[in-house]
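I have placed the structure first, in the form of structure tokens, so that the comments after it can refer back to it.
The values are calculated or read from the model by the stated rules, or taken from the named source; none is laboratory data. A quick note: this is a predicted structure, and the numbers were derived from the prediction, not measured. Cβ placement follows ideal geometry from the backbone for every residue including glycine, while neighbour counts extend to all protein chains displayed. Heads up: the accessible areas ignore ligands, DNA and RNA and are worked out on the full protein's heavy atoms, side chains in. Shrake-Rupley method; radii C 1.70, N 1.55, O 1.52, S 1.80 Å.
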Amino acid sequence: MRFSLAAALALPIAAVSALDILGPSESAFWVQNTSNTITWTFNQGDPSPININVVNANNATLNGVFSIASFVNVSTQTFTVTNVTLRPGDNYQVQFVNTSNITQVFASSPDFTVKPPGTAPAPTVSASGTSSGASSTATSPSGTSSGSAGASATGGSNGALSLTSSQGVFGVIAACGVASLSALLL
């Protein structure tokens, strides 16, 4: 009984991620051929660094994953993508993914739209009230190929379970130690 209570209390603390992508979103759209910003919030212990990708379920708009930045520190809470050449369209999403396993998504933005050049920019959502952050020049794929650009930034939240941070791993180790000690005492 003591073992299951200790394990139940220790594991959720180690596994919760608070990455939350604030923008882009439905109201914070992007404009083609301009600089556009990604903003997010995070908590200590969230996975860092991360890779930032853009995806779209509509293969006519974007065929595959488009890499925006690699090894971004989530504490920056903002990343500016310059010269966005993604095709105008709907249903784009920004994803924050594991740097060594792109199928492990830590956070996804709400669906957003890329509008054609000349559209007035949307207001930027800020996590901390500042507009500074990392930036990158990225070009999107033309036709059906996908492209990528290097840079660094991070963020996002979808409730995914990740134990890549040192605090998360140590939490699991501590929980296992408590469980082992409890088993010995019983």
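Before we move on, is ASN58 over 16 Å from the mean Cα position of the chain (by Cα), open to solvent by 60 Å² or more (accessible area, probe 1.4 Å) and polar (S, T, N, Q)? Yes: the conditions hold for ASN58. Note on segment 15-47: among residues that are among the charged types (D, E, K, R) and assigned to a loop (DSSP other than H, G, I, E, B), the one that is most open to solvent (accessible area, probe 1.4 Å) is GLU26. The lone criterion from (1) in contact with a Lys or Arg (Cβ under 7 Å, 6 or more places away or on another chain); (2) touching a residue at least 40 places away in the same chain (Cβ under 8 Å); (3) open to solvent by less than 50 Å² (accessible area, probe 1.4 Å) left unmet by VAL105 is number (1). For segment 61-84, the set of residues classified as in contact with a Ser or Thr (Cβ under 6 Å, 6 or more places away or on another chain) and surrounded by fewer than 17 Cβ atoms within 10 Å (Cβ to Cβ) consists of ASN63, GLY64, PHE71, ASN73, THR82, ASN83, listed by residue number.
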